[in-house]
Every structure is written in structure tokens, then in C-alpha cells.
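The next block holds one structure in the form of C-alpha cells; read it before the comments.
The values are calculated or read from the model by the stated rules, or taken from the named source; none is laboratory data. Computed from a predicted structure; not experimentally measured. Note that we place each Cβ from the backbone using ideal geometry, even for glycine, and neighbour counts take in every protein chain shown.
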Amino acid sequence: MNCSGSQMVINALKKEGVDTVFGFPGGVVIPLFDELYKEPAIKVVLTRHEQGAIHAADGYARATGKTGVCIVTSGPGATNTVTGLATANFDSVPIVCISGQVPTNMIGNDAFQEADTVGITRPVTKHNYIILDRKELPLKLKESFFLAQSGRPGPIIIDIPKDVFTGEADDEYPEDVSILGYNPVYKGHKGQIKKAAQAFSEASKPLFFIGGGVHISGAAPSFKKLAEKTGIPVISSLMGIAAIPSDYPDFLGMLGMHGTYAANMAVSDCDLLIGIGVRFDDRATGDLAKFAPHAKIIHIDIDPSAIARNVTVEVPIVGDARIILEDLITNIEKKDITPWQEQVHTWMKDKPLTTGPTAPRLSPANVIRRISHFFPDAVITTEVGQNQMWAALFYQFKEPRTWITSGGLGTMGYGFPAAIGAQFGRPDRRVIDIAGDGSFQMNSQELATAVHEKLPVIIAILNNGYLGMVRQWQEMFFGRRYSSTDILIDRENNEKDGIGTPDFVKLADAYGAAGFRARTMEEVDDVLQKAMDITDRPIILDFHINYEANVFPMVPPGAGLNEMVLEEDGNE
């Protein structure tokens, strides 16, 4: 039986279990949106910008573990997804982005809204396709979903010309697919697992270092079993947060540029470091010459190209983290590391995280802690910058896939559209975007999407009137020359009336959302309670934090992880 290319896309989406797509229509994808209009099984979420659509698909994927789907038109529709594709590619997020293209006979002729989507997106996707023959469409759609989810996940873009959408061919969709030369390894090598077990038995100061791969592989339960069996302390990368509960007794927190004192000291003193689903990126390691100087390193990752890319690795193990961890559980015996455990707990006790100044405006740490108190089971997304670091350090996470942030690319404007996607993926949970007043404005137009869909997403803005992280660097390393980081139009009057630029409460009202402002801790609790009671629209909470609040600890550029600037040092 024959069907159009647009009908084939719908069939493929249904076969792949897709129930929600995010997108924005345009001329060449009208045939596809017309078929979506007639298909009740698939919810179409109209965002107000294609970047919002791709980030929403990303948030949906991270919150659920399923493939996020985004549909955009040709030319600017496709190019507007590039930042989101790069974000997902860095953080290994499975997305299938379907972009329209001008008819095949017009490709290369500078037709209206034509762009070389495949060429533009090749560096920022796991793979991409352009479909020049309607007969190729079923197989390439199947390959797209297979590639997005398998091995190290990532975004796939499939570029479909208008005449392929309208052309007819057989409607048979493949049940499975095999791609020549693409054979991800899932089972860890037995010999390497034995070497890892031997390294465990010889170590007196072992340390687990978990990353985003623990979430992606569904390895969190297996990892917790291994951690509990061995008693080995745990640190995480930014992306590994929430893979183990924040209150786990042997969890030392995040390491790196803004890592905890205990985590950074532990990695600097350990004699065995077991990296699981981590990239050992520069923000985590600091000066590589000073990183884990006494440690043998075991590195577990499904992507062989990631292993030993940045650090010397004694025991590489390629494969799926969950499968490898299950094998390690049966191969590793518990040993007494009491002196090491006592040492790391001493670091935790001696140098705990501090809240920073609590006057004259709010302490961001205290605001995050109250959010955690009122919404202990929320899915947290963030923008990028100080807000992201404060959320990572002070929110108390309980479960995997409740922490959604742009790690590798550091994309401002990511958090709010990602929260919209996460809310569709997890309608049983409240979703909170912890935002900065600068980042939020990059995609604040998606308030229209959230209002239209009656989503109770909470946008908690830590409002300091600056591009806070860049301002912090300017304060610490550039003599307080705040070049292009002050985002208040009239700082003197803003300080008098306590509103800000823009007035986020009025902005919420303009879109039909709820908006509340808090300047004191009593008001913080009041507005959080109000947000709890609103379940039919988005809520902006405008928290006025200290203008020059900084994130500490901080490892300065070029320093080792044990050369942190602490709060008492940074505020001298």
C-alpha cells in the first residue's frame, strides 16, 4: 500500500512510540503538519521559536529517557536549531529533528528559505541525512531513531524536501535495522573488569567519579549497589548530579571549578579514581598536570573515543555503564578503607558549603534551599551561569533524571524550554527552571507556549541585575570592570524601587502567567507556597538576590583542584 512521505513520517513516529513532538511550521513542512493535524495520537506542541522547540525536545528526552522529536521548516527554521543540536550532542541526548527542505529540483539554486542543513549541522549532530528519494524515507527514519538511542546517544537530523513529503511510495516500515560499521560495544571486556577489580583490592584511597553516562545508561541503581557494597566515597561531574541522592552519606558533591571542598580535595588525594560515564572535561579537572596526581584511573564509557582523551587511563573499559557495573558488583570484594572514609568526612565537616551574605538582599543559596524544601521531588532544569552552579550545589536531589542542565555547551536560554519539554514528559512532577535574569530573557517568549498548554512550570529567577558569572570573573580577575554585564537599564532607580529590568511580574501578567516577587526570606516562603497552589499556568518567581553574590568554592584558571578560592578568601 502506498502513502505520502508525510504519512510515512507519521507512521514512523507511531511505530517508534512517539506521543509528543515540538515544532514550528513553515512552507515546506505544511504537508507534514497537515497530517499531524489529523493524527490524534501525537500531541504537537507549538513553541514560539525553533530554538525553544529543540530545547524542549531535549528536556523531554532527558526527563523520560525516550527520544525527543522536533519538527521545523527549511532555511532559518533548521538553522535556528543548531544551538540546541550542539547542546544535545555535547550531553549525549537522543533527539530526532525532522527539518523541511526545498523541493529536490531547487536544491542548490538559492531557492527561498534554502540552506545546506546537512552541511551546517554535521559538526553538531551524531549523524544527519538528506532524503532525495521518497523510497529511502522509511529506512532512514528507522536508522535515525536507532542511531539517536543506541551506543552513545545523540541528536540526528533528517532533512526532507517538500516533494518527498508529498511523493508516494510503499508504506512498509522496517522492524529493525543494521548499519554497516556501526556496532556499539555494550558488554565490558572480562579481562579489563578483572584488572579493575584488582586495582580496587590494591587501593587504600579509592574514589568513584560519576557522570552523565550513569543517567543515560539507567545505571543509577546498579551504581548505588556498588557504592553501598564497597563504601567507596563518591563525587560527581555537573552532569552526574542526582545519579545518587544528595544526602547519600558518602557523596562528597560535585568536583571541578565550582566543586565542593571535599570533592576537590578527595580527587587530589585519592590513589584510585574510577570514572563512570564522564568526559574528564576541563571544568572538572582544572590544571590537568595537577589532576589526581597520585591516582590510577579506571575509565568506563560506551564511547571509545572519549576514553583517555584528556587524562592517562590505566584501565579502560568500553561498554554500557549499567552492564559493566553489574559485572563489577560480582567481582569486587569489600575491604576496610576506614581511614580514607574518615578523611573525606573530615573535609566535608571542616569546609561545608556556605550561604554567602544574607543582607541586604537574598542569599541565592538560601533561596535554593527553600525551593528544595517546598518542592523536594521536583524536576529541576537550569539556565547557565551562577544560577546553574547554585542549583547544583544546594538543591537536594533524590532521584535520577531530575536534574536537567546544559553541561558541555553551556547554553544560556536552555532551561525554560527544556522545562516545558520535561513537564510534558513528567506530568506527575512539578518542574522548576532555576534561572538567571540574563539567561531567562534569551527564550522568555516560550511563556506563550507554557500558558497556551496550561503548564505549571515554575521559573525561579535569581535576579541580580547582572550577567552574574561573567561579572564574577570581572570582579575577581579584571579589577571589577563590569564591561557589558550590567543588564539594568537604570541601576540607581532600580535599586530604589527594587523592580529590575524587565519587571518580571508584569512580564508574567502580560503573557497570562502568574508572577510574584520576593525580597526577604519571609516573602520567599510566601511566594513558594503560592506557586505550590497554582497548577494551571506557569509561574515566575522573581527573587532579588545580592547584586554581587559569588559562587564559591572557585578554582581559578590554571590552578589545581586543591587550590580553591573559598568564600572567606574571595570576599576579602
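Listed here are the helices (runs of 4 or more DSSP H) enclosed by region 287-388 that have at least 2 residues being in contact with a Ser or Thr (Cβ under 6 Å, 6 or more places away or on another chain) and crowded, with 23+ Cβ neighbours inside 10 Å: 321-331. For region 125-147, check the following and say yes or no: at least one residue is without any contact (Cβ under 8 Å) to a residue 12 or more places away in the chain and part of a helix (DSSP H, G or I). Scanning region 125-147 turns up at least one residue that is without any contact (Cβ under 8 Å) to a residue 12 or more places away in the chain and part of a helix (DSSP H, G or I). Ala391: in contact (Cβ under 8 Å) with a residue 12 or more places away in the chain and touching a Ser or Thr at 6+ places or on another chain (Cβ under 8 Å), yes or no? Taking the combined requirement at face value, the residue satisfies it. For Arg480, the stated conditions hold: it is over 17 Å from Pro456 (Cβ atoms) and without any contact (Cβ under 8 Å) to a residue 12 or more places away in the chain. Can you pull out the residues in region 500-528 that are buried (at least 19 other Cβ atoms within 10 Å of the Cβ) and in a loop (DSSP other than H, G, I, E, B)? Matches in region 500-528: Gly500, Ala513. Among the residues making up region 68-94, those that are over 13 Å from the mean Cα position of the chain (by Cα) and either surrounded by 24 or more Cβ atoms within 10 Å (Cβ to Cβ) or at pLDDT below 95 (or both) are Gly68, Val69, Cys70, Ile71, Val72, Thr73, Ser74, Gly77, Ala78, Thr81.
Within region 203-221, if we keep just the residues that are part of a helix (DSSP H, G or I) and in contact (Cβ under 8 Å) with a residue 60 or more places away in the chain, the residue that is surrounded by the fewest Cβ atoms within 10 Å (Cβ to Cβ) turns out to be Ala220.
Restricting region 274-292 to residues that are within 24 Å of the chain's Cα centre (by Cα) and among the aliphatic types (A, V, I, L, M), the residue that is nearest to Ser305 (Cα to Cα) is Val278. Contact map, region 359-373: residues that are under 12 Å from Phe543 (Cα atoms) paired with residues that are surrounded by fewer than 20 Cβ atoms within 10 Å (Cβ to Cβ) and of a type in the set (Val, Ile, Thr), Cβ distance under 7 Å, separation 6+ or inter-chain. Pairs shown: Ser363/Thr355; Ala365/Thr355; Asn366/Thr355; Asn366/Thr358. Residues of region 419-452 that are touching a Leu at 6+ places or on another chain (Cβ under 8 Å), outside any strand (DSSP E or B) and either assigned by TED's automatic domain parsing to the domain that holds Ala53 or small (Gly, Ala, Ser) (or both): Gly438, Ser444. Of the residues making up region 149-172, those that are surrounded by 18 or more Cβ atoms within 10 Å (Cβ to Cβ), among the aliphatic types (A, V, I, L, M) and assigned to a strand (DSSP E or B) number 4.
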